[in-house]
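The values are calculated or read from the model by the stated rules, or taken from the named source; none is laboratory data. A quick note: this is a predicted structure, and the numbers were derived from the prediction, not measured. Methodologically, a virtual Cβ is constructed for each residue, glycine included, from the backbone with ideal geometry; neighbour enumeration extends over all protein chains shown.
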Amino acid sequence: MEEKLNAITLKAVDYGESDKILTLFSLEKGVISATVKGVKKDKAKLKFVAEPFCFAELITAEKVGRRSITNASCHKSYFNLCQNLNSYFCACVIAEFVTLFFKDAEEGLFADFVLSLENMLKGISFSTLVKFILKGLAYAGYGLDFSGCSKCAELIENRVFLDVDSSCFLCENYALENALEFKISTYTRLFEINNTPFDKLDLEQENTKNCLRLLDNYISHRLGFKLKSLQFVL
């Protein structure tokens, strides 16, 4: 039975002499894997599908529980991300994040992924990555609460702490013993990115990287794993 899917290529692994197994993030089914045959040959018709971050409409067929790609048409190639290491590695972090969190379809996050790739083509990489992770965490049920101190409901203006277990921020008057303290400038930048649409994000790097360090710490403590590709960004 054939099925039409819109998907972004996250990863390609060699399989046999000329085939590849692709990990894809699809609009319709979330993260899936599929084999594309003969794609390692020089004149392979579907060679483009195995390129990093190819966004394509795929025709797939499933047999004995294995999915294969029989035809495809490219919506847009994001292969040029490879020419900018910051953009490429930030996109790799998003690919790893999606693979870990979203086995099922999530239409909103798929749209955010496309917006993120568009930004990264323009070199707006770090703030876009922060924005995507924040939205992804929210979709996954681990979103951070930016409404102020979760205990007193006041705006946080001086020392700031993150209570990992509740995903809430705390002021110095209500900080818990095991809460993570970090710079108020990082909190301000995180708040700014959270409230800025993708198409309005900027190129600022220093505080944005501190935001990524905080999110890395949060994901590690709350969810128990590290985003391995993030080390190439930080």
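Residues of region 15-36 being over 22 Å from Glu118 (Cβ atoms), surrounded by fewer than 16 Cβ atoms within 10 Å (Cβ to Cβ) and modelled with pLDDT of 95 or more, which ones?
Ser33
Before we move on, is Ile193 within 19 Å of Asp112 (Cα to Cα) and either in a helix (DSSP H, G or I) or free of Cβ contacts under 8 Å to residues at least 40 places away in the same chain (or both)?
Judged against the criteria, Ile193 is a match.
Does Asp104 meet the test of being surrounded by fewer than 16 Cβ atoms within 10 Å (Cβ to Cβ) and farther than 23 Å from Gly136 by Cβ?
no
Quick one: which residue in Ser68, Ser33, Ser73, Ser18 is closer than 22 Å to Leu227 by Cα and either touching a Ser or Thr at 6+ places or on another chain (Cβ under 6 Å) or not assigned by TED's automatic domain parsing to the domain that holds Glu204 (or both)?
Every option except Ser33 fails the conditions.
Could we say that Leu212 is in contact (Cβ under 8 Å) with a residue 24 or more places away in the chain and in a helix (DSSP H, G or I) here?
Answer is yes for this residue.
Being aromatic (Phe, Trp, Tyr) and assigned to a loop (DSSP other than H, G, I, E, B) is the filter here, so list the residues in region 129-174 that pass it.
Hits for region 129-174 are Tyr142, Phe146.
Condition check ((1) farther than 27 Å from Tyr88 by Cα; (2) at pLDDT below 95) across all residues:
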{"position": "Gly136", "(1), (2)": "no, no"}
{"position": "Ala140", "(1), (2)": "no, yes"}
{"position": "Ser166", "(1), (2)": "yes, yes"}
{"position": "Leu180", "(1), (2)": "yes, yes"}
{"position": "Ile184", "(1), (2)": "yes, no"}
{"position": "Arg189", "(1), (2)": "no, no"}
{"position": "Asn194", "(1), (2)": "no, no"}
{"position": "Leu212", "(1), (2)": "no, no"}
{"position": "Phe225", "(1), (2)": "no, yes"}
